[in-house]
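Trainee: The structure that follows is given in the form of structure tokens.
Every read-out reported here was derived from the displayed coordinates using simple, explicitly stated rules and does not represent laboratory data. Computed from a predicted model, the values in this text were never measured in an experiment. Note that each Cβ is placed from the backbone with ideal geometry, even for glycine, and that neighbours are counted across all protein chains shown.
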Amino acid sequence: MHQSVDGNGLLYLARKLKTSQPGLIMIRLAYVFFIVLLVGHSAQARTITDAMERVVQIPDSVERVLCSGSGCLRLLSYLQGQHLVVAVDDIETRRNEFDARPYALANPQFKNMPVFGQFRGHDNPELILTLEPQPQLIFKIFGGSGYDPNELQAKTGIPVVVVDAGNLGDRRPHLYASLRLMGDIIGKSQRAEELIAYFEQAIDDLHARTADIPAAERPSVYLGGVAFRGPHGFQSTEPAYPPFAFIGARNLAGQGLGKKMATADVAKEQIVAWNPEYLFVDLSTLQMGDRAGGLFELRNDPAYANLDAAIKGRVFGLLPYNWYSQNFESILANAYFIGKVLYPERFQDIDPVVQADAIYRFVVGKPVFAAMNEKFGHQAFTPLQVR
């Protein structure tokens, strides 16, 4: 089934496509106009309401799509719909030393696909209109970021459906609603329900293992080096870090004003004053190089030298999860590892690496822990030497 292109899209294509072969452009325009007349009405067979409450007409059967914005292609891959993608944004084609996106590691074909725009939703309508085959629909995450979805739809004539990435915390319903909407559109509703059930079961399991531990017996913890739109040093943390919340760890950064903060930069003096019993390092900080970053600071800054966790060997590496938005499967993998460290008697049946690969296998289709850990110097799920 061919996707129709409206009049605005045709005019935009005619204005924007500059070429030394005007005859070729006229042939393409005539073809598109013919498709508009022939199947334009039947191609848009139903309507949906997206995450921005926009009512969008879409084809009844969707077989070719684009995914725009941070984490959009991740959700499509979760739904086992990656084969529907006809092009990717430019972050997918980069060949970086570091990569903590399990969906990308499981789908290396993305690196060789055509590019339709820049990452974080900065789409290029001109490039989209030259794609062959043409997408029938564009999924766009974070409708307020990058190219405006209404303008993108008007300029391309391609339906744009906005979805909300949500999270595994208080905005979990938004994540689940997006999985269900995308699943319905691409014929993967059953897979969407399987994913939702899997996430719920894992979170319930983590809660159940630690729910009856008295507050006084819960060790204090701090996570440093958390990424947010790029790498940061050891003072960067997340007060509501989901893995800590799932297992009831006493996250020192989540006290007081920290409860209301998504990310925070904690004063070095405060970390020293807290003197957490366990320290965790988000390995995304390694992107800062050999002479900077959270791990370098722990090893070289005298202020951290007398921290009990450093002296007692209680510093551990974690897989980055906030990498081109949230990698939900890595959140769960980290939670099981942290649980094993803090409450070994409650996680006797868990091998964190085996558990991580079981999660990756279900969510993205491949066991990618080893490939990802290799990129971070095999320092995930292991004690880090800081003295």
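Trainee: Can you list the residues, at least 5 places off or on another chain, whose amide H is less than 5 Å from the amide H of LEU319, using H built in the peptide plane?
Mentor: Here PHE381 satisfy the definition.
Trainee: Please report the net charge: other residues with Cβ closer than 14 Å to the Cβ of LEU384, K and R +1, D and E -1.
Mentor: Working: positive: ARG299, LYS312, ARG314, ARG387; negative: ASP282, GLU297.
Residues near LEU384 contribute +2 overall.
Trainee: Taking a label point 7 Å from the Cα of HIS174 along the Cα→Cβ vector, which residues of segment 57-75 have an amide N closer than 19 Å to it?
Mentor: 68-75
Trainee: Which links in LYS268/LYS375; LYS312/LYS366; LYS111/LYS340 stretch past 31 Å when you go from one Cα to the other? Mind showing how you got there, number by number?
Mentor: Numbers: LYS268/LYS375 28 Å; LYS312/LYS366 36 Å; LYS111/LYS340 35 Å.
In this structure, LYS312/LYS366; LYS111/LYS340 exceed 31 Å between Cα atoms.
Trainee: Which FRET efficiency value, to the nearest 0.05, is calculated for ASN306 and ASP205 with the Förster distance at 45 angstrom and r the Cβ-Cβ distance? Walk me through the numbers on the way to the answer.
Mentor: On the way: r = 37 Å, r/R0 = 0.82.
Step by step, r from the Cβ atoms, then E = 0.75.
Trainee: A follow-up question, please. If we count other beta carbons within 10 Å of each Cβ, what is the order of LYS188, LYS375, LYS111, fewest first? Can you show the working numbers first?
Mentor: Details: LYS188 21, LYS375 17, LYS111 12.
The order, fewest Cβ neighbours first, is LYS111, LYS375, LYS188.
Trainee: For a label point 7 Å from the Cα of PHE228 along Cα→C-beta, name the residues of segment 160-177 whose backbone N is under 16 Å from it.
Mentor: Output list for this probe position: empty.
Trainee: Set the Förster radius R0 to 35 Å, insert the Cβ-Cβ distance between LEU127 and GLU345 as r into 1/(1 + (r/R0)^6), and round the FRET efficiency to 0.05. Working shown, then result.
Mentor: Working: r = 56 Å, r/R0 = 1.59.
Efficiency computed from Cβ-Cβ geometry: 0.05.
Trainee: Which aspartates and glutamates have a Cα lying under 12 Å from the Cα of LYS140, excluding residues fewer than 8 positions away in the same chain?
Mentor: Excluding near neighbours in sequence, the set is ASP50, ASP89, ASP123, ASP148, ASP164.
Trainee: Using a ≥ b ≥ c from the Cα gyration tensor of segment 293-367 (square roots of the eigenvalues), is it rounded, prolate or oblate, where a/c under 1.5 gives rounded and otherwise the larger of a/b and b/c decides, a/b for prolate? It would help to have the intermediate numbers written out before the result.
Mentor: On the way: a/c = 3.51, a/b = 1.56, b/c = 2.25.
Oblate is the answer for segment 293-367, as a/c is 1.5 or above yet b/c matches or exceeds a/b.
Trainee: Output the 0 to 90 degree angle, nearest 10, between the alpha-carbon long axis of helix 7-16 and the longest principal axis computed from the alpha carbons of the chain.
Mentor: The answer is roughly 80 degrees.
Trainee: Remind me, relative contact order of the chain in percent, using alpha carbon pairs under 8 angstrom and six or more residues apart? Show your work: numbers first, answer last.
Mentor: Values: 718 pairs, mean separation 57.7, N = 387.
With pairs under 8 Å counted, the relative contact order is 15 percent.
Trainee: So, one more: In which sequence would TRP323, TRP274 go, from the one with the fewest C-beta neighbours within 10 Å to the one with the most?
Mentor: On the way: TRP323 23, TRP274 16.
By the 10 Å Cβ count, ascending: TRP274, TRP323.
Trainee: Show that you can apply the helix-only estimate: for the chain, add -39,500 (n - 2.57) for every DSSP H stretch of four or more residues, divide by all residues, and state [θ] at 222 nm to the nearest 500.
Mentor: On the way: 15 runs with 152 residues, N = 387.
That comes out to -11500 deg cm²/dmol.
Trainee: For segment 198-375, what proportion of DSSP beta bridges, expressed in % and rounded to the nearest 5, is antiparallel? Intermediate values should be presented prior to the final figure.
Mentor: Values: 3 of 13 bridges.
Taking every DSSP beta bridge with both residues in segment 198-375, the antiparallel ones total about 25 percent.
Trainee: Taking amide H atoms as placed 1.01 Å from N in the peptide plane, list the residues 5 or more away in sequence, or in a different chain, whose amide H sits under 5 Å from that of VAL88.
Mentor: Here VAL115, PHE116 satisfy the definition.
Trainee: Separation between the GLN270 and THR49 pseudo-spin-labels, each 7 Å from Cα along Cα→Cβ, expressed in nm?
Mentor: The two pseudo-label positions are separated by 4.1 nm.
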